[in-house]
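A short write-up of the structure that comes next.
The values are calculated or read from the model by the stated rules, or taken from the named source; none is laboratory data. Fair warning: this is a prediction, and the values are worked out from it, not measured in the lab. Neighbour counts are summed over all protein chains in view; Cβ atoms, including those assigned to glycine, are modelled from backbone coordinates with ideal geometry. Note: accessible area is taken over every heavy atom of the protein model, side chains too, but ligands, DNA and RNA are not part of it. Shrake-Rupley method; radii C 1.70, N 1.55, O 1.52, S 1.80 Å.
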Amino acid sequence: MSTKGYFRIRLSTIRPSEDIPFAIYIYIDGKMVEYVRLGDKLAAEKIASLHGRDTGESFFVEEINKPLYRDYVKDSMNSSKINNDQKATILRESSIAILEDLFEAPDVGQAIEETKPIVKDLLEFMENAPESVGGLISLSGHDFYTYNHSFDVSIYSLGLGSALGFDKKTMEELGLGSLFHDVGKRMVALDILCKRGPLDDSEWVQMKMHPQFGLKILNESPNITDGIKAACYEHHESWKGGGYPQDLSGQEIHPFARIVALTDTYDAMTTQRSYNVPMRPVEALNMMKEKLTHKFDPEMLKAMYSVLFKMDNAA
């Protein structure tokens, strides 16, 4: 038996000392074993202890209970008993768990549809609890991997979109585009994606194909907007030219792609990876302004400083 039919959760999303409305499983010796029964409770101390040892691959809920889990998280987000910093953690951990499941789905169009409620939840939280938005960003000491990275890029992109005055509908589309900007990496060899250290020339050629791979994947599904496609296909273009895959420049590059180019680079520079030490947020932005300025829309780069100021808890 595999994990098919189940999705991962983090125990930090479970409310302590309350009845849990779904069973929680662990995967042992090739099979799912019920760990917490429907209606059981977990003490706060046990949740904290187990979560502290969880790499994100330990606890599962049945796929049929995904709507129930989402409603459970929504109840937490609306609870007056939970402070905004705790809500930020719950929203982050629950979103990444669901995104991990969706990113592996064969039907990307359906995955994007199922991701829309996550983006709406993020926008609602950013509007209602702006002082806690920094809690949505992972600590810089966390390892860099696809789900965390895509989520963080989306938070930064939504912050930048807000600073640029985008309307609600545009923000929702930007949120989806930034979350799925690296969808083409599912067609890049895993040993390249996970390599500890810089890529050699042949590996780099394959890695640079991920925008084309992503566009191909997105084109297989109807009703995916041009903005979402552009965020995927154009986010490695450069403001002054010389980027890939089309060597576009300036206003030729879609605004979503210009945003993701900036937030993608910023997150990579400030997050722990196997072969680099993360930079402090202001240091990263200053380097982008001084040494990489040719790559980014100057007005967007300027606006990113205001986003960083609002998210100073992420520093």
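Observations
- Under the condition of being within 16 Å of Ile259 (Cα to Cα) and of a type in the set (D, E, K, R), the residues counted in region 162-216 number 4.
- Applying the condition of being of a type in the set (Ser, Thr, Tyr) and over 25 Å from Pro106 (Cβ atoms) to region 1-24 and asking which residue is farthest from the chain's Cα centre (by Cα) yields Ser17.
- Test result for Phe296, open to solvent by 50 Å² or more (accessible area, probe 1.4 Å) and of a type in the set (Phe, Trp, Tyr): no
- Of the residues making up region 211-240, those that are at pLDDT 95 or above, loosely packed, with under 15 Cβ neighbours inside 10 Å and outside any helix (DSSP H, G or I) number 2.
- Candidates in region 156-184 are the residues that are assigned to a loop (DSSP other than H, G, I, E, B) and not charged (D, E, K, R); of these, the one that is nearest to Ala230 (Cα to Cα) is His181.
- Every pair of residues 6+ apart whose Cβ atoms lie under 9 Å, when the first sits in region 242-270 and is of a type in the set (Lys, Arg) while the second is not in a helix (DSSP H, G or I): Arg258/Glu234; Arg258/His235; Arg258/Glu237; Arg258/Trp239; Arg258/Phe296; Arg258/Asp297
- Count - residues of region 1-59 that are open to solvent by 70 Å² or more (accessible area, probe 1.4 Å), of a type in the set (Ser, Thr, Tyr) and closer than 25 Å to Leu136 by Cβ: 1
- Among the residues of region 145-170, just one is surrounded by fewer than 24 Cβ atoms within 10 Å (Cβ to Cβ), touching a Leu at 6+ places or on another chain (Cβ under 6 Å) and closer than 27 Å to Glu299 by Cα, namely Ser150.
- Hits in region 78-107 - residues which are part of a helix (DSSP H, G or I), more than 18 Å from Arg15 (Cβ to Cβ) and either in contact with a helix residue (DSSP H, G or I) (Cβ under 7 Å, 6 or more places away or on another chain) or not charged (D, E, K, R) (or both): Ile96, Leu99, Glu100, Leu102, Phe103
- The set of residues from region 245-256 being open to solvent by 40 Å² or more (accessible area, probe 1.4 Å), within 20 Å of Met171 (Cα to Cα) and in contact with a helix residue (DSSP H, G or I) (Cβ under 7 Å, 6 or more places away or on another chain) comprises just one member, His254.
- Across region 257-293, the qualifying residues are those that are surrounded by 20 or more Cβ atoms within 10 Å (Cβ to Cβ) and touching a Cys at 6+ places or on another chain (Cβ under 9 Å), and the one among them that is nearest to Val153 (Cα to Cα) is Val260.
- Condition met for Leu301 (without any contact (Cβ under 8 Å) to a residue 40 or more places away in the chain, out of contact with any Lys or Arg (no Cβ under 9 Å at 6 or more places or on another chain), crowded, with 20+ Cβ neighbours inside 10 Å and outside any loop (DSSP other than H, G, I, E, B)): no
- When we screen Leu68, Leu99, Leu91 for residues that are in contact (Cβ under 8 Å) with a residue 24 or more places away in the chain, of a type in the set (A, V, I, L, M, F, W, C) and farther than 16 Å from Leu122 by Cβ, the only hit is Leu68.
- Val61 passes every criterion in (1) outside any helix (DSSP H, G or I); (2) modelled with pLDDT under 85 apart from (2).
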